[in-house]
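The values are calculated or read from the model by the stated rules, or taken from the named source; none is laboratory data. For clarity, every value in this text was computed on a predicted model and none was experimentally measured. No Cβ is skipped: glycine too gets one built from the backbone with ideal geometry, and neighbour counts run over all protein chains shown. Heads up: the accessible areas ignore ligands, DNA and RNA and are worked out on the full protein's heavy atoms, side chains in. Shrake-Rupley method; radii C 1.70, N 1.55, O 1.52, S 1.80 Å.
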Amino acid sequence: ALSVPDKKVESLCPYCGVGCQLTYNVKDNKILYVEGRDGPANHGRLCVKGRYGFDYAHHPQRLTVPLIRRADAPKSGDMAMDPTRVMEFFREASWEEALDLAGSKFAHIRDTYGKRMLAGFGSAKGSNEEAYLFQKLVRTGFGNNNVDHCTRLCHASSVVALLEGIGSGAVSNPVMDVTKAEVIVIIGANPTVNHPVAATWIKNAVANGSKLVVMDPRRSELARISHRFLQFKPDTDVAMLNAMMHVIVHENLVDKEFIESRTIGYEDLKKNVEGYSPELMAPICGIDAETLRYTARLYATSKASIILWGMGVSQHVHGTDNARCLIALALMTGQIGRDGTGLHPLRGQNNVQGASDAGLIPMMFPDYQHVTDPKVQAKFEKAWNVPADSLDKSPGLTVVEVMHAIKKGEVRGMYVMGENPAMSDPDANHARDALASLDILVVQDIFLTETAYLADVILPATAFPEKDGTFTNTDRLVQMGRKALDAPGQAKPDLWIIQQLGQRLGLDWQYTHVSQVFDEMRRTMNSIGGITWERLEREHAVTYPCTKEGDPGQPVVFTETFPRESGRAKFVPADIIPAAERPDLDYPMVLITGRQLEHWHTGSMTRRALVLDALEPDPVALVHPLDLAAMGGQPGDIITIESRRGKVGLYARADESSPRGAVFVPFCYYEAAINRLTNAALDPFAKIPEFKYCAIKVTLG
Ligand code: SF4
């Protein structure tokens, strides 16, 4: 007989930053199916992950009871993950015992070795309230600013450039503005795969006459419908973008009035791009001079041009410089501050925007208020009811820096909530070694991830449909996620777990409802000051900035001024910096990592979703067919990819979208964890690692 839902719950998709609204149809505490709702970002549309990716919540491998590592259990970074052997390494414990052990070990390290000896990674998959409370625990319970999350691995460089140039790290215009744009530029992003519903709005816009320009070393699906496709050589973004700016300056296509009235630093930029003529840059970036000129003219002279970008721009040692060039392009042509224009770094995880806003970053308190500013410190000491002068005044360590600090003995204990650095960190062997050497690693998650495998205490948490909370999408839209299911076994809400640990670290926290955390956030974060919990319950979604109650929220910002001290945006010139590791005779090819449509980040959820796993069950590497043929291989053959840091074996898939000499590998497969190979070299400004470029060799078998 057909199952009929006994409950419908209006909530959100747990995956990407598009933030699609959906309805969970539930019967007997099981989700039967999901339907799209008419939310501002999706208007009923869902992609394959949103529609079929929900059953991970019911998977038999869910963690349902706290676990403590057995005293005689081995622990080393090179252990292969084997979920069937969990109970050889761990024993079940009561919540009391697990929390007491975690809390007492953290307190011991803090009080014996010093406050900076502890660190925490929160999660962009958690709610705003969880992110806020987690960073508050690290700052007031651990007593330092060593708190970070996966934003460091995705758009940290974009945020640094945006804060520096225009005073705000968020997008200027929503994705939906592509439908108002005459020209849409997509660079270093593959929305069809990573932001699928956003890609459908782009396709609609093209069908209605917008001109799409795709710039990418890989031929994405959107390139097929583009007006121009610029397949530039990997790692040459600055050369290409500076050449475009050179054209705009030389052909006087700049918006003089905008530059004079709303910006500073233009003369420096102009001087810098002088040396980047299209003729000089063409052999470097692989795009002929005439195409560079045409594209520059097209972007500069349209009535409304919008730029959207992804991790192809941000994950380089020059990621901040790449973003600086995009910002400069928009500023010099006045393509910002109006409908259909602007800058949109496409956020990856469904709450990476909100988690960053809520202060889950080591250099800023909530709402991007600097930890080094005495006025800000005093404000938060008062708001959090902690003694004056007690908050740490130094920025904390970032994701990759924490791993180095562990190896140097400068961090001895870690609390990881919902992140999986053993899979997602660059040079993952190094990260696994570091995690395995901690005095204590506490992991809070819903599955035994590769990181949890190295933990001393594992705390079973709730999945997305098992709790209430707010989430902020890539458009700055704060939306309500609602509880549809009861958690399995003894699994507990993340907020409850954070609070319990906080109490064991001496914090007098008594939150009884998630809305109390949200209210506290509103009081310390001007950007969401006007958004009440009741309003979100009623309206489901409100865009920030929304500073006063009744404020409708502002989807398009910078219409009059930029939120910098002078009110003006700033040009920051950039020069060419090569990748940290170039191909050579020993490692002649280039590795590009990323995601695929069916799987989400490290795969812990989607590889446990029946339909998604059936669609993409095995680790694959996308290789140009001519490269594959040159090594005597066929599609489906097993190949070994090796860098200076490690090697993995996976199936070869012939793929003409990859340029010759480059191999694309998704990072979601634990049995072929590609981040064992990636390079931990960092962008000096944002500390983001270079996931998009390292040297490899590929062999058959
Ligand atoms: Fe979910 Fe993103 Fe797909 Fe929307 S586009 S259904 S938010 S994964």
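Data for the structure
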| read-out | value |
| --- | --- |
| Residue tally, condition at positive phi and either among the charged types (D, E, K, R) or within 16 Å of the ligand (Cβ to nearest atom) (or both), over region 326-385 | 1 |
| Number of positions in region 667-678 that are open to solvent by less than 20 Å² (accessible area, probe 1.4 Å) and touching a Pro at 6+ places or on another chain (Cβ under 8 Å) | 5 |
| Close pairs from region 14-27: first among the aromatic types (Phe, Trp, Tyr), partner near the ligand (Cβ under 6 Å from one of its atoms) and open to solvent by 10 Å² or more (accessible area, probe 1.4 Å), Cβ under 9 Å, at least 6 apart | 15/47 |
| Residues within region 1-28 that are under 26 Å from residue 615 (Cα atoms) and not in a strand (DSSP E or B), tallied | 9 |
| Which listed residue is open to solvent by 10 Å² or more (accessible area, probe 1.4 Å) and either within 16 Å of the ligand (Cβ to nearest atom) or on the phi > 0 side of the Ramachandran plot (or both), from 6, 55 | 55 |
| Residue under evaluation residue 212, criteria (1) open to solvent by less than 30 Å² (accessible area, probe 1.4 Å); (2) within 16 Å of the ligand (Cβ to nearest atom), criterion not met | (2) |
| Counted residues, region 9-18 - those being more than 7 Å from the ligand (Cβ to nearest atom) and under 13 Å from residue 54 (Cα atoms) | 3 |
| Filtered residues of region 30-42 (kept if open to solvent by less than 60 Å² (accessible area, probe 1.4 Å) and of a type in the set (Lys, Arg)) | 37 |
| Every residue from region 556-603 that is polar (S, T, N, Q) and either within 23 Å of residue 424 (Cα to Cα) or out of contact with any Gly (no Cβ under 8 Å at 6 or more places or on another chain) (or both) | 566, 593, 596, 602 |
| Set 45, 110: member being surrounded by 18 or more Cβ atoms within 10 Å (Cβ to Cβ) and over 30 Å from residue 543 (Cβ atoms) | 110 |
| Residue within region 133-150 that is touching a Ser or Thr at 6+ places or on another chain (Cβ under 7 Å), under 30 Å from residue 457 (Cβ atoms) and open to solvent by 10 Å² or more (accessible area, probe 1.4 Å) present | yes |
| Residue satisfying all of: in region 506-524; part of a helix (DSSP H, G or I) and among the aliphatic types (A, V, I, L, M); farthest from residue 101 (Cα to Cα) among these | 521 |
| Test result for residue 148, within 16 Å of the ligand (Cβ to nearest atom) and in contact (Cβ under 8 Å) with a residue 40 or more places away in the chain | no |
| Test result for residue 398, among the polar types (S, T, N, Q) and open to solvent by less than 10 Å² (accessible area, probe 1.4 Å) | yes |
| Matching strands (runs of 3 or more DSSP E) fully within region 441-505 where at least 2 residues are within 30 Å of residue 546 (Cα to Cα) and touching a His at 6+ places or on another chain (Cβ under 9 Å) | 477-481 |
| Where residue 699 falls short, out of the listed (1) open to solvent by 30 Å² or more (accessible area, probe 1.4 Å); (2) assigned to a loop (DSSP other than H, G, I, E, B); (3) touching a strand residue (DSSP E or B) at 6+ places or on another chain (Cβ under 8 Å) | (2) |
| Pairs, first free of Cβ contacts under 8 Å to residues at least 40 places away in the same chain in region 271-287, second surrounded by fewer than 17 Cβ atoms within 10 Å (Cβ to Cβ) and not in a loop (DSSP other than H, G, I, E, B), C-beta under 7 Å, six or more apart | 278/289; 279/289; 282/289 |
| Matching option when the condition is out of contact with any Gly (no Cβ under 8 Å at 6 or more places or on another chain) and farther than 30 Å from residue 396 by Cα, among 684, 689, 635 | 635 |
| Selection within region 357-379 - open to solvent by 10 Å² or more (accessible area, probe 1.4 Å) and of a type in the set (Gly, Ala, Ser) | 378 |
| Odd one out for residue 468, checked against (1) surrounded by fewer than 24 Cβ atoms within 10 Å (Cβ to Cβ); (2) within 16 Å of the ligand (Cβ to nearest atom); (3) not hydroxyl-bearing (Ser, Thr, Tyr) | (2) |
| Members of region 609-657 that are within 30 Å of residue 78 (Cβ to Cβ) and polar (S, T, N, Q) | 640, 643 |
| Single match in 264, 186 (criterion: in contact (Cβ under 8 Å) with a residue 12 or more places away in the chain and under 30 Å from residue 42 (Cβ atoms)) | 186 |
| Residue satisfying all of: in region 166-191; part of a helix (DSSP H, G or I) and open to solvent by 20 Å² or more (accessible area, probe 1.4 Å); nearest to the ligand (Cβ to nearest atom) among these | 176 |
| One residue from 11, 76 being open to solvent by 10 Å² or more (accessible area, probe 1.4 Å), under 27 Å from residue 449 (Cα atoms) and in contact with a helix residue (DSSP H, G or I) (Cβ under 7 Å, 6 or more places away or on another chain) | 76 |
| Hits in region 19-51 (condition: among the hydrophobic types (A, V, I, L, M, F, W, C) and more than 8 Å from the ligand (Cβ to nearest atom)) | 26, 31, 32, 34 |
